[in-house]
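Worksheet for the structure shown next.
We did not get these values from a lab; they are worked out from the coordinates using the rules stated. What you see is a predicted model; the values in this text were computed from it and never measured. Every residue, glycine as well, gets a Cβ built from its backbone with ideal geometry; the counts of neighbours run over all protein chains shown.
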Amino acid sequence: MPLSRDEQRRLDEIEQSLSRDDPKFAAKVTVGRVRRHRVRIAGGVLLLGAVVVIIGLIVTLGLVAVGVVVVIAGLLTMAGAGVLLMRALQGVSSR
């Protein structure tokens, strides 16, 4: 949803004020940097989900019910991370 002119003007004023007051912080906190950080986080969670799935498969050899629950948890983690990764990558490519 696009911002109104008044909202955009206010946002620009806040950004200019931040740049004046703390230029080092303003240089560190950019939209591109935040989006790249989100991609890294989502990728890490995706890998974590894969590790949980592998652990669940190993646990299934001993306790089937527990292993299935762990595998399902890992798959849900991977699915959630995949959605976050796709959304983060859309934000990176749109800029």
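Counting only alpha carbon atoms, the long axis of helix 64-94 and the longest principal axis of the chain meet at about 20°. Peptides 27-36, 78-87 ranked from most to least packed give 78-87, 27-36, packing being the mean of other C-beta atoms within 10 angstrom over each peptide's residues. Each 10 Å bin from 0 upward holds the following percent of the Cα-Cα pairs of segment 31-94: 26, 38, 21, 12, 3.
With angles folded into 0 to 90 degrees, how steeply does helix 5-21 sit against the dominant principal axis of the chain? Use alpha carbons for both and round to 10. The angle comes out at about 90 degrees.
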